[in-house]
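A.B. asks: Got a structure for you, questions after.
Bear in mind that the values in this text are calculations on the coordinates, not laboratory data. Please read all numbers here as calculations on a predicted model, not as lab measurements. Note that we place each Cβ from the backbone using ideal geometry, even for glycine, and neighbour counts take in every protein chain shown.
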Amino acid sequence: MPARDRVTGPAQVVRQILLHLYRRPKRHRVQVRVQFRQEAEAVALDGSGLLSFLTSQPKFCPAMKTRTLSILGTVALLVSGFCSNAFGAETPAATSRPAIYDEKADGAKQIADALAVAKKENRRVLLQFGANWCGWCHKLHKLCQTDPDIAAKLKESFVVVLVDVNKGHNGDINKKYGNPAGLGLPAIVILDADGKALTTQDSGKLEEGDHHDPKKVLAFLNEWAGQKS
């Protein structure tokens, strides 16, 4: 079973239950995976917290009926116990993560400011769509800071913008660039200095097991860095 699909935490347990309940067509299962990937690492879930998280997800709310909410309430209580027993040791680490995404920032202004710098310095803009609860977002951010080759390439060729998409924040920006967050978080979009979107990258394709592969990340950056004049 691929690394993303293993049942390794309470969020993944819920995903499996939902898939069983709804028997969604394969083409829609990515929506389920997007919503529940790695939240077990980043959210200290109790029963009510999990139910609140589930019902806040925009892709599920339209289809949820009273019976489904009742089922999810039961699931929340079951997973609460699972979370406490099996993942209690992870909670302190999850809640101590720094907030790398500015949840109050206007994404449009962030991008406009980045484009001004990129045009002046002949660089491109790298948008990383994500949220502070997203474990994989933190992993990619840390890799970009600590791997010397990746950090050097980013500094040389890109202006990086972390665009928060938690709970629909910056939804207009996400829509403008073709819903990259729909691929899963983090999602990457590369812009040229004029603001034209050049490529969108599903960061899952840069993963290797439980981490992002530095070689894959660096190869992607090299491919889209552009030419220095």
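A.B. asks: Kindly state, to the nearest 0.05, the FRET efficiency for K216 paired with K155, given R0 = 22 Å and r defined as their beta-carbon distance. Don't skip to the answer; put the middle values down first.
C.D. replies: Working: r = 19 Å, r/R0 = 0.88.
Between K216 and K155 the formula returns 0.70.
A.B. asks: Can you put D172, D213 in order of Cβ neighbours within 10 angstrom, beginning with the fewest? Mind showing how you got there, number by number?
C.D. replies: Numbers: D172 10, D213 14.
So the ranking, lowest neighbour count to highest, is D172, D213.
A.B. asks: Label-point separation (nm) for D202 and K176, each offset 7 Å from Cα along Cα-to-Cβ?
C.D. replies: So the label points at D202 and K176 sit 2.5 nm apart.
A.B. asks: With the cut-off at 1.5 for a/c, could you classify the range 165-205 from its C-alpha gyration tensor as rounded, prolate or oblate? Show your work: numbers first, answer last.
C.D. replies: Working: a/c = 2.48, a/b = 1.20, b/c = 2.06.
It is oblate, given that a/c is not under 1.5 and a/b is not larger than b/c.
A.B. asks: Apply the a/c threshold of 1.5 to the C-alpha gyration tensor of the range 107-224 and tell me whether it is rounded, prolate or oblate. Mind showing how you got there, number by number?
C.D. replies: Details: a/c = 1.69, a/b = 1.07, b/c = 1.58.
Oblate.
A.B. asks: Any chance you could list P(r) for the range 102-147, counting all Cα-Cα pairs in 5 angstrom bins from zero, rounded to whole %?
C.D. replies: Spelled out per bin, shortest first, that is 5, 18, 20, 21, 23, 11, 2.
A.B. asks: What ³J(HN,Hα) values, in whole Hz, does the Karplus curve 6.51 cos²θ - 1.76 cosθ + 1.60 give for the range 181-195 when θ = phi - 60°, with x put for Gly and Pro?
C.D. replies: 4, x, 7, x, 10, x, 10, 10, 10, 9, 10, 7, 5, 8, x
A.B. asks: Can you put D194, D164 in order, fewest other beta carbons within 10 Å first?
C.D. replies: On the way: D194 8, D164 22.
Going from least to most buried by this count: D194, D164.
A.B. asks: Another question, then. Between K104 and D194, what is the label-point separation in nm under the 7 Å Cα-to-beta-carbon projection?
C.D. replies: 3.7 nm
A.B. asks: Give me the net charge of E103's neighbourhood, meaning all other residues with Cβ under 10 Å from the Cβ of E103; Lys, Arg count +1, Asp, Glu -1. List each step's numbers first, then the result.
C.D. replies: Details: positive: K104, K167; negative: D102, D164.
Around E103, the surrounding residues sum to 0.
A.B. asks: Mind listing the phi-derived Karplus ³J(HN,Hα) values for the range 207-213, rounded to whole Hz, using 6.51, -1.76 and 1.60 with θ = phi - 60°, and x for any glycine or proline?
C.D. replies: Result, ordered by residue: 8, 9, x, 9, 8, 7, 6 Hz.
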